[in-house]
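Visitor: Handing you a structure now.
The values are calculated or read from the model by the stated rules, or taken from the named source; none is laboratory data. Since this is a predicted model, take the numbers as computed values, not measurements. A quick note on method: Cβ atoms are made from the backbone with ideal geometry, for glycine too, and the neighbour counts reach across all protein chains shown. In case anyone asks, the SASA skips ligands and DNA or RNA and just uses the protein heavy atoms, side chains included. Shrake-Rupley method; radii C 1.70, N 1.55, O 1.52, S 1.80 Å.
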Amino acid sequence: MLKEIISITGKPGLYKILSQGRGTLIVENVEDKHRMPVHARDKVVSLGDIAMYTESGDTPLGEILDKLYSHFGGKEIDVNGMDSKKLHATFGDVVSDYDRDRVRDSDIKKLFKWYNILIGDGMTRFTEKKEEEKEADTKESADNK
């Protein structure tokens, strides 16, 4: 899921990968559905490859987004009204063991904005692991009968 969603350095928002050509990706803005090419010289990062610093090691972005979704009940987060203390307090309520020395205000703000974009696009699950586990459990149950 998140492997197909990318962030492009220097461009606001998130993009879905639609197709791939020679040295070029065709992407679509998640919010306004505008399509455009992304060239090999552009710095692109898949959301599936991003993790955040926690005391117990790096936590994949998908797991953190799932925690945000559960905590806020699928509702958007009002990022604009938050100062530094409020950002860290809100994030600390969701991910209590985040590394307070290495996670900056801008990281939390970007995470909250990305979360708002993704739920605005209708996403409700951010990790594939849970789906795979359910399928494995269902198959195991069927095999045991």
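Visitor: How do 84, 46 stack up against each other in accessible area, from largest to smallest, with a 1.4 angstrom probe?
Guide: From most exposed to least exposed: 84, 46.
Visitor: May I ask which residue of 46, 59, 20 lies farthest towards the positive end of the charge dipole of the chain, with charges of +1 (Lys, Arg) and -1 (Asp, Glu) on Cβ and the Cα centre as origin?
Guide: My answer, from the dipole projection, is 20.
Visitor: Between their Cα atoms, which of 67/110; 3/110; 86/113; 11/86 are more than 22 Å away from each other?
Guide: Those over the limit are 11/86.
Visitor: What label, among [x] 11.3; [y] 9.2; [z] 8.1, belongs to mean projected area of the Cα convex hull in nm² computed from the structure on display?
Guide: Only one option fits the structure, namely [x].
Visitor: Mind listing which trypsin sites (Lys or Arg not before Pro) in segment 13-63 are in a DSSP loop and have 12 or fewer other Cβ atoms within 10 Å?
Guide: Taking segment 13-63 and a limit of 12 other Cβ atoms within 10 Å, the loop trypsin sites (Lys or Arg not before Pro) found are 22, 33, 41, 43.
Visitor: Next question, about the same structure. Provide 11, 3 ordered by accessible surface of protein heavy atoms (probe 1.4 Å), highest first.
Guide: The ranking, largest first, comes out as 3, 11.
Visitor: Just to be sure I understand the model, the point goes 7 Å from the Cα along the line to the Cβ. What's the resulting residue 71 to residue 41 distance in nm?
Guide: Result: 4.0 nm between the two label points.
Visitor: Please compute the per residue accessible area over the chain with all protein chains in place, 1.4 Å probe, rounded to a whole number of Å².
Guide: Value returned for the chain: 63 Å² of accessible area per residue.
Visitor: Using the Cα centre as the reference, give the magnitude of the dipole from point charges on the C-beta atoms of the chain (Lys, Arg: +1; Asp, Glu: -1; all else neutral), rounded to the nearest 20 debye.
Guide: About 620 debye.
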